[in-house]
Amino acid sequence: MNRPEITKHPTKTKARHQFHRFKIFSTANHLTSTIDLPLKKSTVKDASNNKKKKAATADFDTSIRSSAGLQSLKLAFQSASILISIGLLIFMSLAAWGATKNAMNNYWQVITFTMVTLLIFGLCYAFSNLIGQKSFMFFVGILLVIALIKIFFISIYAIHPTSDFFNYHYFAFARSSGIAWTKKLVGVNMYFPHVMNIAMFYSIPYSLIGTNYVTSQIVNIALTFFDGILIYKICLRIFNQQAGMFAALIFSLIPAYFMYSTLNGAEPMFITAFLGMLLAFQTFIRRDNSSSSTKWVASFRDLAILSVITYMIRPTIGIWIIVGFLYILLIRWPYKVPVKFQMKRLLYFGGFTLFFVLFSIFSSAIFSQAYKINFASDSVNNRYSLATGTSLATDGQYNQKIYNKLDKDFKDSSSTAEINQKATKDMNAQVKANISEITREKAWPKFISNKYAAFSNENYGYNWILYNTWNKNKLKKPFVESQSALVSFSTIFYEFMIILSILTMSLILLFRHRVNESMSTLNRVFYLSLLLDGFILGSMIFEVQGRYHVILYIPLVMILGLGAKILGERQNHLTVRL
């Protein structure tokens, strides 16, 4: 069932009706589907088409209500997911504030940045509420100005990459310069194929533009600009234009990520690929019973390609596969949906899932063939991340001693098989030792609390800029002196995002019967809550860093966009009355 072409919008729209212009005559759909497609009414030219009409619409007979018991069960699961998200965000708010409390000693500074954050949120809301359809280019212009500010920053602030950032740059430089990736050159990164994948992606613009480090910085700034547009497009599909603009502007102005995106980190690339997956999934979920096999296969293809790209950058994207399955199973419908259609959609998504699982299982062998290097098994990487994530001494963060064990196993082994054997044995032993230590010390509550604080910390933007600052940079001293201000601003802005998201989800869940298109709205909140639950709980199993929670910005700003939409409708005296 394709979306009908709209040739003219009515000037007055009733609250629960959508009008669409078909080729023969106009019809009002008295029910909007939860997948954002109007339920198609077949046009009839003569009596001979009556049979065809019945055949076309029989599968989606809106007069047959969905099972009340089944919908109540699904509602219970959706509510539980949203409540879990609210709980996790409350603890994250406390953890993020506690992690940077040393930077919050200056109360006047806290008050000042609180007012600045209020002003930013207020201006973003006012802009998104007032702008019209013809001002899209003006909105893009604002995103472009934000990107140009970053360009100006990197032009005056010299960076000398370290740690992972150096690896991305150096290996991209080597590949684009024709230097072969060998076992000696790659070294301990044989355990981490995603490092080489990221370097491979950066080597493409290096080959086209130049191998200067600034090239990768400009690429990330461009990707973050493009991310804002993608967020707008996604929210425009599921909410409205105001939600899209508000969400995109807030995302583009997050202080910690604003700073971090001027480096050559993997996160901007990862976020872009992830947003592409969300867009492809939206297209998939909007398929209906009349969609051709070609369209279903196209959705399968898009999801498969984007999932591979995203996995190459961050393997944790596997969490989203579980989220997608849960959403498809627990989405609520106001009418009875044919079992045949539900099975078709599940089969296509199941096929995609099977493809993803097979790729992840054989990814090490695939990357080895692609780069002509024998990478270690993926299980070694997972065990290392789990060993680091259970380190009591570092609160689940990077542990030099554990890393050194991997390095020693690499140097002491003569073959990849031996590396896998030694590293697997050592990492398994390390995980057992870590868990025994935490249990023996009765430190689980403290360990989880400290680890959650490390994961939620908004100082990553400032810290990674500082760690990568060139020693001869004349602006380094004033940047160091601004630590308290920048970290405070980053934390306060993030606290606003979290608290407003908590309020939005709570009010929608509490007053869902008074919200326009309540079932559809709750479906979307449920989907966003699944993203939050999945990426928070999934990330807490393995090694954590402050920058790893960047993925949470996406569902958070979309929830904020929904809040802006509801507030805008209330302000304009439309159908939402909370």
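The values are calculated or read from the model by the stated rules, or taken from the named source; none is laboratory data. Keep in mind the model is a prediction, meaning the values are calculated, not measured. All Cβ positions, even for glycine, are placed from backbone atoms using ideal geometry, and neighbour counts span all protein chains on display. Quick note on the areas: whole protein, heavy atoms, side chains included, nothing else; ligands and nucleic acids left out. Shrake-Rupley method; radii C 1.70, N 1.55, O 1.52, S 1.80 Å.
Just a few scattered comments:
- Matching residues, region 363-406, being part of a helix (DSSP H, G or I), within 19 Å of residue 183 (Cβ to Cβ) and aliphatic (A, V, I, L, M): 365, 366, 370, 380, 406
- Residue that is nearest to residue 232 (Cα to Cα), among those in region 100-113 that are part of a helix (DSSP H, G or I) and either among the charged types (D, E, K, R) or open to solvent by less than 40 Å² (accessible area, probe 1.4 Å) (or both): 110
- Residue in region 226-246 that is more than 30 Å from residue 152 (Cα to Cα), of a type in the set (S, T, N, Q), touching a helix residue (DSSP H, G or I) at 6+ places or on another chain (Cβ under 6 Å) and surrounded by fewer than 24 Cβ atoms within 10 Å (Cβ to Cβ) present: yes
- Scan of region 73-111 for residues that are among the aromatic types (Phe, Trp, Tyr) and without any contact (Cβ under 8 Å) to a residue 60 or more places away in the chain, ordered by number: 107, 108
- Selection count where residues are touching a helix residue (DSSP H, G or I) at 6+ places or on another chain (Cβ under 7 Å), open to solvent by less than 30 Å² (accessible area, probe 1.4 Å) and over 26 Å from residue 397 (Cα atoms), scope region 360-387: 3
- Qualifying residue in region 486-495 (condition: in contact with a strand residue (DSSP E or B) (Cβ under 8 Å, 6 or more places away or on another chain) and of a type in the set (Asp, Glu)): no
- Taken across region 118-133, residues that are small (Gly, Ala, Ser), assigned to a helix (DSSP H, G or I), more than 26 Å from residue 264 (Cβ to Cβ) and touching a Phe, Trp or Tyr at 6+ places or on another chain (Cβ under 9 Å) do occur, with at least one present.
- For region 53-77, taking the residues that are at pLDDT below 85 and aliphatic (A, V, I, L, M), the one that is nearest to residue 556 (Cα to Cα) is identified as 70.
- Among the residues of region 505-546, those that are in contact (Cβ under 8 Å) with a residue 12 or more places away in the chain, more than 30 Å from residue 399 (Cα to Cα) and of a type outside the set (A, V, I, L, M, F, W, C) comprise 506, 514, 516, 517, 520, 521, 523, 524, 527, 529.
- If the condition is being hydroxyl-bearing (Ser, Thr, Tyr) and at pLDDT 95 or above, then region 255-301 contributes 257, 260, 261, 262, 272.
- Residues that are β-branched (Val, Ile, Thr), open to solvent by 60 Å² or more (accessible area, probe 1.4 Å) and under 33 Å from the mean Cα position of the chain (by Cα), drawn from region 407-446: 435
- Scanning region 304-362 for residues that are over 17 Å from the mean Cα position of the chain (by Cα), touching a residue at least 60 places away in the same chain (Cβ under 8 Å) and not in a helix (DSSP H, G or I) yields 331, 332, 333, 334, 335, 336, 337, 338.
- The set of residues from region 447-490 being charged (D, E, K, R) and either modelled with pLDDT of 95 or more or surrounded by 22 or more Cβ atoms within 10 Å (Cβ to Cβ) (or both) comprises 451, 458.
- You will find that of 563, 568, the residue that is open to solvent by less than 10 Å² (accessible area, probe 1.4 Å) and at pLDDT below 95 is 568 and no other.
- Some residue of region 120-139 being open to solvent by 70 Å² or more (accessible area, probe 1.4 Å) and farther than 25 Å from residue 562 by Cα: no
- Tally of residues being among the aromatic types (Phe, Trp, Tyr) and modelled with pLDDT under 95 across region 78-107: 2
- Candidate set: region 477-496, residues that are without any contact (Cβ under 8 Å) to a residue 40 or more places away in the chain and of a type outside the set (Ser, Thr, Tyr); chosen: the one nearest to residue 460 (Cα to Cα): 480
- Here residue 259 meets each of (1) open to solvent by less than 20 Å² (accessible area, probe 1.4 Å); (2) assigned to a helix (DSSP H, G or I) with one exception, condition (1).
- 1 or more residues over 23 Å from residue 93 (Cβ atoms): qualifying helices (runs of 4 or more DSSP H) within region 452-551: 460-467, 476-481, 518-539
- Residue check, residue 147 among the aliphatic types (A, V, I, L, M) and either closer than 23 Å to residue 398 by Cβ or open to solvent by 50 Å² or more (accessible area, probe 1.4 Å) (or both): no
- Taken over region 171-203, residues that are surrounded by fewer than 16 Cβ atoms within 10 Å (Cβ to Cβ), assigned to a helix (DSSP H, G or I) and touching a residue at least 24 places away in the same chain (Cβ under 8 Å) amount to 2.
- So residue 290, is it among the small types (Gly, Ala, Ser) and either touching a strand residue (DSSP E or B) at 6+ places or on another chain (Cβ under 8 Å) or open to solvent by less than 20 Å² (accessible area, probe 1.4 Å) (or both): no
- Qualifying residue in region 291-298 (condition: touching a helix residue (DSSP H, G or I) at 6+ places or on another chain (Cβ under 7 Å), in contact (Cβ under 8 Å) with a residue 60 or more places away in the chain, farther than 20 Å from residue 189 by Cβ and of a type in the set (Phe, Trp, Tyr)): no
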